[in-house]
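Undergrad: To start, I am sharing the structure in question, which I have written as structure tokens.
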């Protein structure tokens, strides 16, 4: 039974996962190599909970209860009592493998280790741990407190009992589960990222401007956000990484990342988080950069 949840990574995804776990009553411990990042992450969680209170989605009492359940540190040994640890580090296989090598010796023998990867092979990641049968993908959508879906992905070695525990756990978070097979990018990103990549090709080939493309999909396909605006929100580096995983893993030219996406990433224009992507966010109102 899951009571204590560890989260590796105090970035946007890690903090979102900690947020929803604490609201569901779990004791949560966030680990990151940087104490400053943990501090910033806890401040973000506090701000997001306060926003839920101000929009009447949460009582102030529940906000205080959730905050009291979250702790953080830069000491990996603090993850030793955890029943479930969810790794939410950067989407880089080498980084994730290194983390597993450090965290596995610290964990209880029966602890479940999960990854929030949005595209990498669960089977391959599991093979680099000491517990492939107790390892699986629990992929939350961004932003975690708002998005209802969680993709559950088993590796070839994942035991049925591990899957059942993960399923019960996610159900307690007031999320909806979809089960995906362990193929590159699973379901959501297998469909979503090629659409975004195609929108970037449409821009690259001069078929439409940034505004024209985003307005076309918002008003013509009823999407809540245009694909280029969404790419900026996700992070262009993340978009490129998922397209590379699809291209490498499925060896199909239809997944070739658009050269314009590569150029923006090389320029450090990664979207909202860096201040510029397909839009420039440095002023009061975002302005298209093309």
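The values are calculated or read from the model by the stated rules, or taken from the named source; none is laboratory data. Just so you know, these numbers come straight off a predicted model, no measurement behind them. Every residue, glycine among them, receives a Cβ derived from its backbone with ideal geometry; neighbour counts consider all protein chains shown.
Undergrad: Quick one: how many residues across the range 241-279 are at negative phi and surrounded by 19 or more Cβ atoms within 10 Å (Cβ to Cβ)?
TA: Counting residues in the range 241-279 that are at negative phi and surrounded by 19 or more Cβ atoms within 10 Å (Cβ to Cβ) gives 17.
Undergrad: Being assigned to a helix (DSSP H, G or I) and within 17 Å of residue 258 (Cβ to Cβ) is the filter here, so list the residues in the range 213-227 that pass it.
TA: Passing the criteria: 213, 214, 217, 227.
Undergrad: While we're on this one: Going by what's in this entry, would residue 200 be described as buried (at least 20 other Cβ atoms within 10 Å of the Cβ), modelled with pLDDT of 95 or more and either under 16 Å from residue 147 (Cα atoms) or out of contact with any strand residue (DSSP E or B) (no Cβ under 7 Å at 6 or more places or on another chain) (or both)?
TA: Taking the combined requirement at face value, the residue satisfies it.
Undergrad: Conditions first: (1) in contact with a strand residue (DSSP E or B) (Cβ under 8 Å, 6 or more places away or on another chain); (2) within 15 Å of residue 32 (Cα to Cα); (3) surrounded by fewer than 20 Cβ atoms within 10 Å (Cβ to Cβ). Residue 83 passes all but one, so which condition is the exception?
TA: The failed condition is (2).
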